[in-house]
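Worksheet for the structure shown next.
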Amino acid sequence: QSQELSQVQIDYHEALQALVEDGTRMVCTGRMHTDRICRFESLCYSTEAEEFIYFHSNSSVMLPNLGSRRFQPALLDLSSVEDHNTQYFNFVELPAAALKFMPKPVFVPDVALIANRFNPDNLMHVFHDDLLPIYYTMQQFSDLGLEARLFFMEGWSEGVHFDLYKLLSNKQPLLREQLKTLGRLLCFTKSYVGLSKITTWYQYGFVQPQGPKANILVSGNEVRQFTKFMMQKLNVTMEESSSEEYIVVFSRTINRLILNEAELILALAQEFQMKTITVSLEEHSFSDIVRLISNASMLVSMHGAQLVMSLFLPRGATVVELFPYAINPEHYTPYKTLATLPGMDLQYIAWQNTDREDTVTYPDRPWDQGGIAHLDEAEQERIIKNTEVPRHLCSCRNPEWLFRAYQDTKVNIPSLIQVIRQTVKSKPGPKKQKWSGSLYPGKVRDAKCQASVQGTSEAKLAVSWQIPWNLKYLKVREVKYEVWIQEQGENTYMPYILSHQNHTFSENIKPFTIYLVWIRCIFNKNLLGPFADVLLCST
Ligand code: UDP
């Protein structure tokens, strides 16, 4: 991978002239700073001021043109974490004429994706906040191909997982610190600023306690397209399904330990009659971990960032997450949410240590490793006595949470096996499943109604329609139709589920009345299609 910028030759004089004459051009998507990504031509960056610069000239464009709303609170989020006040992006404005008095610009010829990594030392954050969002932001804009260059502006050093970021493009990603070595004034010929949040499934609790995002927009299919890409780049090939089935215990070796790991491994192997192996980030290469997990039937691990590796599990596999004493599994669900995304096809099981005897606490460690010795006596006592960490905002500095999160646990084997057995009846996955993608019906077509009146009190409504257009290309187990009959002006309706494409309604149908008839198709009981245009039927 090349670190030099001078890969693509550009005519310096021409580029400078274009910058002076045309200034900066910006066009963005998104209505709010939280869903905005901007495309720039000639966005510049002063490495001395550590500010982005927008140059005004006769040809510059700024859309949206927000005026001072650009600072309320910012133009956009530079990381995929929503509305985090340390992750905002903005630029300062100058007339292009000011370039005369500034350092000579150094042009960046590569198409750039400029963003912040959120927490590059934590594997969950690496995948959820950075890698998936970067991958799909690059899919969104066609000139962000493998020849694009990533610029990380959050100010961290490479971090332990930098090799993973390098897989996303053929060019070496550059960090904020490194920009200084390139020049005093950098000008990005073409750049995109910001990240798509469309793949994120979890919010970390900065405004309300942590939990799944309110409106999840990603499914297992997109997650697996991404993991397929990563595995290709890591040179990990899927092994044949005929090979032996096994369980992976993903252990932590520094803290939040499983104290009876050997016993656990033996018990799992015996119970499920499967080879059981351990991996850890400290003892295995990343590729080895991916290779092992991508063929595993079950992944067992303490709650923690390493569990994001369930991304790589095959369909049908089981995730078992172990929670230390006093930590309610329902309150910390990043990995449960991942495993249960539609189409991930993973089984998720949480086990919690409920026995105080089986936990080992570390009150005397530093506060960031769960120590509580710095707190006053009464508070220490309250924490030690409490049987559940109350819900709280962002876990970052909550001493009670950290105290419990960094306990070691002696896993009660019978209780764990029992919990797993409630869900995994026979042998755990992976199953070579048929494509389980679910397709929805289109609208029913050519809906018609015909009314007939018998005497002054009885009437009938014959309604017919044609199958949805896409049905003739599909094999669908069960096709049903839902019909709602609503008297005009009423806000209640009579619902019917029907198997045929016509039906004569006589119950509760009055003469000389106008009815609204709503019809939709349903595949396999729960795939509801759209309603066709409403039919107006007068008896
Ligand atoms: N980690 C690890 N082994 C350990 C402790 C931590 O591999 O014994 C990794 C963990 O998976 C994560 C990073 O180190 O990627 C930071 O761990 P931390 O406990 O701070 O975060 P958490 O796992 O609770 O999200």
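The values are calculated or read from the model by the stated rules, or taken from the named source; none is laboratory data. Given the structure is predicted, the values throughout are model-derived calculations rather than measurements. Note that each Cβ is placed from the backbone with ideal geometry, even for glycine, and that neighbours are counted across all protein chains shown. Surface accessibility is based on the protein's heavy atoms, side chains included, excluding ligands, DNA and RNA. Shrake-Rupley method; radii C 1.70, N 1.55, O 1.52, S 1.80 Å.
Rolling a 1.4 angstrom probe over the protein heavy atoms with all chains in place gives the stretch 74-197 an accessible area of 34 Å² per residue. Of the solvent-accessible surface of the stretch 290-430, computed with a 1.4 Å probe over protein heavy atoms with every protein chain present, carbon and sulfur atoms account for 50 percent.
Label point of residue 467 set 7 angstrom out along Cα-Cβ; within the stretch 490-504, amide nitrogens under 15 Å from it belong to 499-502. Shown for the chain is the translational diffusion coefficient from the Stokes-Einstein equation, using the Kirkwood radius over Cα pairs, a temperature of 4 °C and a viscosity of 1.567 mPa s: 47 µm²/s. In this structure residue 387 has an accessible area near 90 Å², from a 1.4 Å probe over the protein heavy atoms. Only the Cβ atoms of Lys and Arg (+1) and of Asp and Glu (-1) were treated as charged; on that basis the dipole of the stretch 396-539 about its Cα centre amounts to roughly 1200 debye.
The relative contact order of the chain comes to 10 percent, based on Cα pairs under 8 Å that sit 6 or more residues apart. Over all projection directions, the Cα-based convex hull of the stretch 256-376 averages an area of 8.9 nm². Of the GluC sites (Glu not before Pro) found in the stretch 42-148, those that fall in a DSSP loop while having at most 11 other beta-carbon atoms within 10 Å are 48.
Going through the stretch 359-460, which chymotrypsin sites (Phe, Trp or Tyr not before Pro) have at most 10 other Cβ atoms within 10 Å and a DSSP loop state? Filter output for the stretch 359-460: 435. Applying 0.36 nm per residue to the separation of residue 458 and residue 365 and subtracting their alpha-carbon distance, the gain on full extension is 25.2 nm. Kirkwood-type hydrodynamic radius, the stretch 467-530: 13.1 Å, calculated from all non-identical alpha-carbon pairs.
Heavy-atom accessible surface of residue 278, to the nearest 10 Å², is about 50 Å², with a 1.4 Å probe and all protein chains retained. Its relative contact order, with pairs defined as Cα atoms under 8 Å and 6+ residues apart, puts the stretch 391-539 at 25 percent. For the residues 452, 294, a 1.4 Å probe over the protein chains yields an accessible-area ranking, largest first, of 452, 294.
Short-range pairs are left out: with C-alpha atoms under 8 Å and at least six residues apart, the relative contact order of the stretch 1-158 is 21 percent.
Here the spin labels are modelled as points 7 Å beyond Cα on the Cα-Cβ line, and at residue 378 and residue 418 they lie 3.9 nm apart.
Bridging of residue 100 to aspartates and glutamates at a Cα separation below 20 Å is possible for 11, 14, 21, 22, 41, 48, 50, 51, once same-chain residues fewer than 8 apart are set aside.
Estimated from helical segments only, the mean residue ellipticity of the chain at 222 nm is -5000 deg cm²/dmol, where each DSSP H run of four or more residues counts as -39500 (n - 2.57).
Maximal additional length on extending the residue 487-residue 101 stretch stands at 131.4 nm, based on 0.36 nm per residue less the C-alpha distance. Exposure check, 1.4 Å probe, all protein chains in place: residue 265 carries approximately 40 Å² of accessible surface. Accessible area ranking (1.4 Å probe, heavy atoms, ligands and nucleic acids excluded), largest first, for 280, 499: 499, 280. Considering every alpha-carbon pair of the stretch 311-401, the percent of pairs per 5 Å bin, from zero through the bin containing the longest distance, is 3, 12, 19, 19, 17, 11, 9, 6, 3, 1. Step through the table entries 443/525; 213/336; 171/233; 336/385; 190/228; 104/180, compare each Cα-Cα distance with 19 Å, and write down the pairs that go over it. Over 19 Å apart, Cα to Cα: 336/385; 190/228. By the Stokes-Einstein formula, at 0.890 mPa s and 25 °C, the stretch 392-506 with its Kirkwood radius over alpha-carbon pairs has D equal to 116 µm²/s. Here the stretch 138-215 has 52 percent of its accessible surface on carbon and sulfur atoms, given a 1.4 Å probe and all protein chains in place.
Translational diffusion of the stretch 105-197, estimated by Stokes-Einstein from the Kirkwood radius over alpha carbon pairs at 25 °C in a medium of 0.890 mPa s, is 184 µm² per second.
Label sites at residue 536 and residue 450, each approximated as a point 7 angstrom past Cα along Cα to Cβ, lie 2.2 nm apart. Remark: the stretch 403-539 carries 61 Å² of accessible area per residue (probe radius 1.4 Å; ligands, DNA and RNA excluded). Within the stretch 111-207, the trypsin sites (Lys or Arg not before Pro) that combine a DSSP coil assignment with at most 16 other C-beta atoms in a 10 angstrom radius are 184.
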